[in-house]
Amino acid sequence: MGKDKDMNTVQGFTYSKIADKYQIIFNDDGSGEIADLVGINEKDGIIYVDFYHCKYCPSKDGQAKPGSRVTDTYEVSGQTSRSVKWLHSAQ
């Protein structure tokens, strides 16, 4: 999605699906980010945080094949694992 808020991306699509569900959404697209999108709500003094990890699917020979790269699964799983560690280490 980037600084230009390009909605013609996987993050733009995901943002459009979750925009009305959160009081605050951070677009944190870059290396080492906690998540691509971070949704935050507060209710009755409790803060709820949801992490969204998105993977870009490049086209090959003019055709995009979402889900066809096993490495995407490993990368997103690794991001999720780090997010859980950060949650419990209060960083």
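Extension gain for S81-M7 works out to 23.9 nm (0.36 nm per residue, less the C-alpha to C-alpha distance).
Dividing the convex hull volume of the alpha carbon atoms of segment 4-55 by its residue count gives 75 Å³ per residue. The heavy atoms of V76 present about 40 square angstrom of accessible area, all protein chains included, probe 1.4 Å. Given K17/K43; K5/K85; K17/K55; K17/K85, which pairs have Cα atoms separated by over 25 Å? Correct reply: K5/K85; K17/K85. The residues I34, I46, sorted by heavy-atom accessible surface at 1.4 Å with ligands and nucleic acids left out, run I46, I34 from largest to smallest.
The values are calculated or read from the model by the stated rules, or taken from the named source; none is laboratory data. Not measured: the values here are computed from a predicted model. Each accessible area value is taken on the protein alone, full model and side chains, heavy atoms only, with ligands, DNA and RNA left out. Shrake-Rupley method; radii C 1.70, N 1.55, O 1.52, S 1.80 Å.
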